[in-house]
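Visitor: Dropping the structure in here first, questions after.
The values are calculated or read from the model by the stated rules, or taken from the named source; none is laboratory data. On a predicted model such as this, the values are computed, not experimentally measured, just so you know. Every residue, glycine among them, receives a Cβ derived from its backbone with ideal geometry; neighbour counts consider all protein chains shown.
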Amino acid sequence: MPWNRLVSQPQTRWTAATGPDSDVVLSSRVRLARNLEDFPFPHRMNERQARDLIRQVEAGIREVNLMGVCPPVELYRLDDTPYLDRQVLVEKHLISRELAQDARGRAVAISEDEAVSIMVNEEDHLRIQVLAPGLDLYSAWELGSKVDDALEAKLPYAFHKTRGYLTACPTNVGTGLRASVMVHLPALVMTNQAGRLFNTLGQFGLAIRGYFGEGTEPIGNIYQISNQITLGRSEEEILDHLQSVVQQVIGHERRAREHLARQMKAQLEDRVGRAYGILTGARILSSEEAMRLLSDVRLGVEMGILKGVEARTLNELMIACRPAFLQKLAGKELSPFERDLRRAALIRERLVA
Amino acid sequence: MLCQHCSQRPATVHIVKQVNNQREEYHLCETCAREQGHLGLEPAFTLPNFSLQQLLSSLLESDPFTGFGGGPAAPRAELRCSFCGLTFRQFKEGGFLGCSHCYEAFASELGPLLRRVQGSDKHVGKAPRRSGGVLRLRKELAQLRAELQEAVSREEYERAAQLRDRIRDLERRIQAGGDGNAVE
């Protein structure tokens, strides 16, 4: 896909809003950390080594395409890409904030359908990531593992017989697998149960994070739940554990929604209706307010209170109304106030249409 | 990536300058950034953004079992990775290893750390087809041993004898470091 198209359309694989349990789960992600032997880890590389490594990875990508494990994958060198473009990829969840920050000697390979993205020279030499809409960890893992096999056929992976796949940080060593699920939990937040639930997750060896991963705040009642342990458990065990805990979280959220629908029907409908009213009528919308109201509208859609709005539209809006995307759309840098104006216009246009 | 200025330390400071719509980016280590006046003169003191790496290095500092850390009790020769030159002290400070060979160079120290952070120091799960020969054999061996035990407890002695032969064969192959056929 041409770079410019990649960074100017808000649709991406996970915004499809299909997939199992999509009334609570936005997306599932599987990420495999891999490194090559005989290169220092990225934080200790110079630019020449980084470029040499990217050249080797190109051979791996050719193999992925040859084996046809997913739609065609294209490699983009990030060195000369505009900062704003890279931020758009962060907003689409295709690359990490860390990769976007420093583009020197870095690259990303993305499949045509944007399900697979392979970050090159982030914290590890390779971060193979598969995104899927809904709760779909196993198919994401299956695809990720196939991409991994194809790359491994061409690249000498750093693997140790007892430590497994070697990574820059010992918190990723072993399977190198970080699986995460993005969940929308407005009813648990409204009924003040979220905090307790999150404490429990920690005891189960799972981490709960914000919308953009580690070190970020939750936005619009959206949380990311992921495994913490990567060593001493097989990939299947890690996924089974996460899957079963997430299913319980989904169950709790659904029960909280039913409770709200029974006990506070009028208040709930009022909240959804007001959110929709503001989003379709406002002329100035901050990012924070937009995400909060989009969450209310999403709840209305997921519970069947609000008809005529599609979940995929809401997903795309969550990308389209972020700062970098708005500026990309405008074709220039915008002040925060200009962004608030354009954000309101964009949301109004998409929701009313 | 290393610092643009000194090419010695990892770049941790990212500076973006915007003048008349011209964006300039710099990626420096903290020392160079300070020398070039990009950071204030006062020593950097901010509440740390509590990350896994920081937690890791604090775990290392306080590990009573391995005895390393700032205490005067156990002076030891500085561990250094012969491939990339990273010292164990640098790992403790930054939380990142320098290359895959560091895992061997610091093996004795990493074992206890991994058990604390990950609850285990042994990988189970996927292995690359190319380097996984012995590992795959070991897994098969564990499986066969379990089967043998079951066969014995059911008094299926003929089957137990077959299993025992296969186990001996596997043990020989593992001893030999895996053979060519073992890769698949």
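Visitor: Could you please let me know if residue A:245 is more than 30 Å from residue A:43 (Cα to Cα), β-branched (Val, Ile, Thr) and modelled with pLDDT of 95 or more?
Guide: On the way: more than 30 Å from residue A:43 (Cα to Cα): yes; β-branched (Val, Ile, Thr): yes; modelled with pLDDT of 95 or more: yes.
Answer is yes for this residue.
Visitor: Return the only residue of A:100, A:17 being surrounded by 19 or more Cβ atoms within 10 Å (Cβ to Cβ) and within 14 Å of chain B (Cβ to nearest Cβ). Please lay out each step first, then the result.
Guide: Working: A:17 fails: within 14 Å of chain B (Cβ to nearest Cβ).
A:100 is the lone residue from the list that is surrounded by 19 or more Cβ atoms within 10 Å (Cβ to Cβ) and within 14 Å of chain B (Cβ to nearest Cβ).
Visitor: In region A:229-243, which residues are surrounded by fewer than 17 Cβ atoms within 10 Å (Cβ to Cβ) and either within 12 Å of another protein chain (Cβ to nearest Cβ) or part of a loop (DSSP other than H, G, I, E, B) (or both)?
Guide: Matches in region A:229-243: A:234, A:236, A:237.
Visitor: Which of (1) over 18 Å from the mean Cα position of the chain (by Cα); (2) surrounded by 19 or more Cβ atoms within 10 Å (Cβ to Cβ) is the odd one out, the single condition residue A:85 does not satisfy?
Guide: Failed condition: (1).
Visitor: How about region A:248-272: which of its residues are exposed (fewer than 15 other Cβ atoms within 10 Å of the Cβ) and in contact (Cβ under 8 Å) with a residue 24 or more places away in the chain? Step through it out loud before you land on a result.
Guide: Applying the first criterion (exposed (fewer than 15 other Cβ atoms within 10 Å of the Cβ)) to region A:248-272 yields A:248, A:251, A:255, A:258-259, A:262-267, A:270.
Once the filter is applied, which keeps residues that are exposed (fewer than 15 other Cβ atoms within 10 Å of the Cβ) and in contact (Cβ under 8 Å) with a residue 24 or more places away in the chain, region A:248-272 yields only A:259.
Visitor: Of A:278, A:250, which residue is over 17 Å from residue A:351 (Cβ atoms), outside any loop (DSSP other than H, G, I, E, B) and of a type in the set (Val, Ile, Thr)?
Guide: Values: A:278 fails: over 17 Å from residue A:351 (Cβ atoms).
After ruling out the rest, the residue left standing is A:250.
Visitor: Do we have residue A:224 as within 23 Å of residue A:31 (Cβ to Cβ) and within 12 Å of chain B (Cβ to nearest Cβ) here? First the steps, then the outcome.
Guide: Values: within 23 Å of residue A:31 (Cβ to Cβ): yes; within 12 Å of chain B (Cβ to nearest Cβ): no.
For residue A:224, the condition - within 23 Å of residue A:31 (Cβ to Cβ) and within 12 Å of chain B (Cβ to nearest Cβ) - is not met.
Visitor: Here's another thing I want to ask about it. Given the residues A:26, A:78, which is the only one that is buried (at least 20 other Cβ atoms within 10 Å of the Cβ), within 13 Å of chain B (Cβ to nearest Cβ) and at pLDDT 95 or above?
Guide: A:78 is the lone residue from the list that is buried (at least 20 other Cβ atoms within 10 Å of the Cβ), within 13 Å of chain B (Cβ to nearest Cβ) and at pLDDT 95 or above.
Visitor: Same structure again: Among the residues in region A:179-196, are any closer than 23 Å to residue A:42 by Cβ, β-branched (Val, Ile, Thr) and at pLDDT below 95?
Guide: Of all residues in region A:179-196, those closer than 23 Å to residue A:42 by Cβ come to A:179-180.
Going one step further and asking which of them are β-branched (Val, Ile, Thr), we end up with none.
Taking every residue of region A:179-196 in turn, none turns out to be closer than 23 Å to residue A:42 by Cβ, β-branched (Val, Ile, Thr) and at pLDDT below 95.
Visitor: May I pose another question? I need the full set of residues from region B:87-133 which are within 7 Å of chain A (Cβ to nearest Cβ), among the hydrophobic types (A, V, I, L, M, F, W, C) and part of a loop (DSSP other than H, G, I, E, B), in order please.
Guide: B:96, B:97, B:124, B:127
Visitor: While we're here: Counting only residues that are of a type in the set (Gly, Ala, Ser) and within 14 Å of another protein chain (Cβ to nearest Cβ), how many does region A:289-329 have?
Guide: Initially, region A:289-329 is screened for residues of a type in the set (Gly, Ala, Ser), giving A:290, A:295, A:300, A:304, A:308, A:311, A:320, A:324.
Within this subset, residues satisfying the condition of being within 14 Å of another protein chain (Cβ to nearest Cβ) are A:324.
Number of matching residues: 1.
Visitor: To continue, here is another question. From A:227, A:192, A:199, which residue is within 24 Å of the chain's Cα centre (by Cα), of a type outside the set (Asp, Glu) and farther than 20 Å from residue A:139 by Cα? Write out each step before concluding.
Guide: On the way: A:227 fails: farther than 20 Å from residue A:139 by Cα; A:192 fails: within 24 Å of the chain's Cα centre (by Cα).
Among A:227, A:192, A:199, only A:199 is within 24 Å of the chain's Cα centre (by Cα), of a type outside the set (Asp, Glu) and farther than 20 Å from residue A:139 by Cα.
Visitor: Scan A:142, A:112, A:152 and give me the residue that is within 11 Å of chain B (Cβ to nearest Cβ) and not hydroxyl-bearing (Ser, Thr, Tyr). Give the steps one after another, and end with the answer.
Guide: Working: A:142 fails: within 11 Å of chain B (Cβ to nearest Cβ); A:112 fails: within 11 Å of chain B (Cβ to nearest Cβ).
Among A:142, A:112, A:152, only A:152 is within 11 Å of chain B (Cβ to nearest Cβ) and not hydroxyl-bearing (Ser, Thr, Tyr).
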